[in-house]
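Remarks on the structure that follows.
The values are calculated or read from the model by the stated rules, or taken from the named source; none is laboratory data. Small disclaimer: the values here were computed from a predicted structure and weren't measured. Counting neighbours? That spans all protein chains shown, and the Cβs are built from the backbone with ideal geometry, glycine included.
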Amino acid sequence: MRRSFSVISTTFVLGATTLAPAFATGGKRDDGDEPGAGIGISHSIVLFFLVPLAISGVIALAVLAPGWTSSARKATKNGFLDDPNSDQLSSGPERAKLTYE
C-alpha cells in the first residue's frame, strides 16, 4: 500500500511539474506574439507516425539486408560467424575443454 501511494504521488508530482509550463500563459498573449497556423490532422499523422516508421524501416533494412545475401550465409554457420581456427579445433568434448586465459 505504501509503495503504491509512493508511485502514484511521484507520478502526480512529476506530471504536474512537466505540465506547469503549458498552463503558465493563462490565456494572455505577449506583445508581438503571433502564433502560426496549426497543422492539420493528416500532416500530424505523417509527421509523427509515418516519418518515424519510415526511418525505423530504413534502419532495419540496413541491419538485416547483409544477412540476406548468399555470401553472408556462406560465411556463417548455425547463425554465428565461423571461427578462422575452427580447422584446428576438434568438435565434441575436447573442444569444450578449451579455456581462454
Q | Residue pairs meeting the criteria (Cβ under 7 Å; at least 6 apart or on separate chains; first at pLDDT below 80, in the stretch 1-23; second loosely packed, with under 10 Cβ neighbours inside 10 Å and in a helix (DSSP H, G or I)) | A | none
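I'm trying to understand the selection: among the residues of the stretch 20-47, which are surrounded by 10 or more Cβ atoms within 10 Å (Cβ to Cβ), part of a helix (DSSP H, G or I) and of a type in the set (A, V, I, L, M, F, W, C)? First the steps, then the outcome.
From the stretch 20-47, those surrounded by 10 or more Cβ atoms within 10 Å (Cβ to Cβ) are 25, 39, 43-47; that's our starting set.
Next, from what is left, pick out any that are part of a helix (DSSP H, G or I): 43-47.
If the condition is that a residue be surrounded by 10 or more Cβ atoms within 10 Å (Cβ to Cβ), part of a helix (DSSP H, G or I) and of a type in the set (A, V, I, L, M, F, W, C), then ILE45, VAL46, LEU47 are the ones that fit.
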